[in-house]
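Working notes, structure below.
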Amino acid sequence: AQTVTQSQPEMSVQEAETVTLSCTYDTSESNYYLFWYKQPPSRQMILVIRQEAYKQQNATENRFSVNFQKAAKSFSLKISDSQLGDTAMYFCAFMKQGDSGTYKYIFGTGTRLKVLA
Amino acid sequence: NAGVMQNPRHLVRRRGQEARLRCSPMKGHSHVYWYRQLPEEGLKFMVYLQKENIIDESGMPKERFSAEFPKEGPSILRIQQVVRGDSAAYFCASSPDRGPRYGYTFGSGTRLTVV
């Protein structure tokens, strides 16, 4: 079974600095998808960034980038120039197609990030 | 585009009552997924529906839980005879197709509290 591990329950970073959130996963599949979601106190799940496993190039979205190491099964999220609005819970998620044809997320337990003024 | 709409946002039920959670997918999305988030945990898959069909309910508890997505109207997640362990945030997501090309769009969830 696939698992997703986020080993940092809580982190903090000074405004304007850079922070990296770690995520590792376990799978025997070769084709899958990885995501980072942000969940602010409003509870809304917001897609931050997405990576397809067959693409070697690391995905980037403005201040957000990933370091995807397929062999190591690692998918860390780097947030540059941190802003107060980045304060949220961050979830790493793995997705693949199951036997039934359904694409399902498997989420990690999350990292609570606090950006300090 | 209003996004995925879930209501109510908060729901309080006494043990033994029924809870009905509603989800209206994004316009043009015909695939709906329900996930449950227990306190301090990530979201866990419950069920996947298309209009009038349950495609995959492998994550649904065997008893008391049911879901539907009728031809007209929102998708409904129904929990009968609620117990304290059902207290959680329930999220609905939708997508225009079956694949993960863009990820799924989530609603803001319904927080169910059983007292």
_When residues of the range B:89-109 are limited to those that are open to solvent by 20 Å² or more (accessible area, probe 1.4 Å) and over 16 Å from B:GLN50 (Cα atoms), the one nearest to the other protein chains (Cβ to nearest Cβ)_ = B:SER108
*For the range A:101-110, state whether one or more residues are loosely packed, with under 12 Cβ neighbours inside 10 Å and more than 14 Å from the chain's Cα centre (by Cα).*
yes
*Of the residues that make up the range A:79-92, is at least one out of contact with any Lys or Arg (no Cβ under 9 Å at 6 or more places or on another chain), at pLDDT 95 or above and within 11 Å of chain B (Cβ to nearest Cβ)?*
yes
_Taking the condition of being more than 22 Å from B:LEU38 (Cα to Cα) and touching a residue at least 40 places away in the same chain (Cβ under 8 Å), how many residues in the range B:80-109 meet it?_
4
*asked:* Tell me the residue from B:GLY85, B:GLY73 that is in a loop (DSSP other than H, G, I, E, B) and among the small types (Gly, Ala, Ser), please.
replied: B:GLY73
*In the set B:LEU77, B:LEU38, B:LEU112, which member is more than 21 Å from A:ARG50 (Cα to Cα), touching a residue at least 40 places away in the same chain (Cβ under 8 Å), within 11 Å of chain A (Cβ to nearest Cβ) and not acidic (Asp, Glu)?*
B:LEU38
_Between a residue in the range A:98-117 that is on the phi > 0 side of the Ramachandran plot and any residue that is hydrophobic (A, V, I, L, M, F, W, C), which pairs come within a Cβ distance under 9 Å, given they are 6 or more apart or on different chains?_
A:GLY101/B:ILE55; A:GLY110/A:MET89; A:GLY110/A:PHE91; A:GLY110/A:CYS92
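The values are calculated or read from the model by the stated rules, or taken from the named source; none is laboratory data. Fair warning: this is a prediction, and the values are worked out from it, not measured in the lab. Here the Cβ is made from the backbone with ideal geometry for all residues, glycine too, and neighbour counts use every protein chain on show. Note: areas computed on protein heavy atoms with side chains; ligands, DNA, RNA excluded. Shrake-Rupley method; radii C 1.70, N 1.55, O 1.52, S 1.80 Å.
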